[in-house]
């Protein structure tokens, strides 16, 4: 059973998660790596707070500074994987460099819930190149292959029509809607994937 909860801003939709999955008392591996090259400390703190407020126990795992065995052990022991927002290209670079990409794929394929926020949602897609209008690829100097984790067969467009990302999200849609299967969400929506079922939750 494959389960994913893909969002723009988790703090806005934590209640939607509780409506589809029992999370109270669960342990979460919280991966803030995408934020390392962006100034998103406030959103990282809020995201972790929202998880704890929902009754979950959070263990932070900074992929770019962790060794393979630590990553494998932490992902395996906790119930949920949470990949936070930031720069998608830097995130994928570090996931691939450390081997965390394959470990995450293995855990999700075993049935572990994956929560992807913004960059964490985009990296779950087949390819991340389509997000270059929102994130700067130059912040991942060593990344040349933009193949994503492939946890879903569609392409997430987060932050649609939000104040900060209005132009970039609309550009993502315009540039890719003819070639790719897009799943477009605003900051108050979530994509709930359970096996082959895909549903957009929240306010349009």
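Filter segment 108-126 down to the residues that are assigned to a helix (DSSP H, G or I) and touching a strand residue (DSSP E or B) at 6+ places or on another chain (Cβ under 6 Å), then identify the one that is nearest to residue 70 (Cα to Cα).
Looking at the filtered set, the residue picked out is 108.
Can you tell me which residues in segment 13-42 are under 14 Å from residue 85 (Cα atoms), assigned to a helix (DSSP H, G or I), more than 14 Å from the chain's Cα centre (by Cα) and in contact (Cβ under 8 Å) with a residue 24 or more places away in the chain?
Those that are under 14 Å from residue 85 (Cα atoms), assigned to a helix (DSSP H, G or I), more than 14 Å from the chain's Cα centre (by Cα) and in contact (Cβ under 8 Å) with a residue 24 or more places away in the chain: 36, 37.
Filter segment 154-168 down to the residues that are part of a loop (DSSP other than H, G, I, E, B) and in contact (Cβ under 8 Å) with a residue 24 or more places away in the chain, then identify the one that is nearest to the chain's Cα centre (by Cα).
Filtering first and then ranking leaves 158.
May I ask you to list the residues in segment 150-172 that are surrounded by fewer than 20 Cβ atoms within 10 Å (Cβ to Cβ) and modelled with pLDDT of 95 or more?
Selection gives 150, 153, 154.
Among the residues of segment 156-204, which ones are touching a helix residue (DSSP H, G or I) at 6+ places or on another chain (Cβ under 6 Å) and more than 16 Å from residue 118 (Cβ to Cβ)?
Listed by number, the residues that qualify are 176, 192, 201.
Can you say whether residue 48 is touching a strand residue (DSSP E or B) at 6+ places or on another chain (Cβ under 7 Å) and part of a helix (DSSP H, G or I), as far as the supplied structure shows?
yes
Can you find a residue in segment 115-125 that is exposed (fewer than 15 other Cβ atoms within 10 Å of the Cβ) and either in contact with a helix residue (DSSP H, G or I) (Cβ under 9 Å, 6 or more places away or on another chain) or at pLDDT 95 or above (or both)? Can you show your working first?
First, pick out the residues of segment 115-125 that are exposed (fewer than 15 other Cβ atoms within 10 Å of the Cβ): none.
Looking through segment 115-125, none of the residues is exposed (fewer than 15 other Cβ atoms within 10 Å of the Cβ) and either in contact with a helix residue (DSSP H, G or I) (Cβ under 9 Å, 6 or more places away or on another chain) or at pLDDT 95 or above (or both).
Based on what the data block shows, is residue 146 modelled with pLDDT of 95 or more, within 21 Å of residue 99 (Cβ to Cβ) and more than 15 Å from the chain's Cα centre (by Cα)?
yes
I'm trying to understand the selection: among the residues of segment 178-193, which are surrounded by fewer than 15 Cβ atoms within 10 Å (Cβ to Cβ) and touching a strand residue (DSSP E or B) at 6+ places or on another chain (Cβ under 9 Å)?
Passing the criteria: only 181.
Might you check whether a residue that is out of contact with any helix residue (DSSP H, G or I) (no Cβ under 8 Å at 6 or more places or on another chain), closer than 22 Å to residue 13 by Cα and assigned to a strand (DSSP E or B) occurs anywhere in segment 72-88? Before the answer, list the steps.
Residues of segment 72-88 out of contact with any helix residue (DSSP H, G or I) (no Cβ under 8 Å at 6 or more places or on another chain): 73-74, 77-80.
Still in the running and closer than 22 Å to residue 13 by Cα: 78-80.
Then drop every residue that is not assigned to a strand (DSSP E or B), which leaves 80.
Scanning segment 72-88, I find at least one residue that is out of contact with any helix residue (DSSP H, G or I) (no Cβ under 8 Å at 6 or more places or on another chain), closer than 22 Å to residue 13 by Cα and assigned to a strand (DSSP E or B), so the answer is yes.
The values are calculated or read from the model by the stated rules, or taken from the named source; none is laboratory data. Since the structure is predicted, the reported quantities are computational estimates derived from the model, not experimental observations. Quick reminder, even Gly has a Cβ in these numbers, built from the backbone with ideal geometry, and neighbours come from all protein chains shown.
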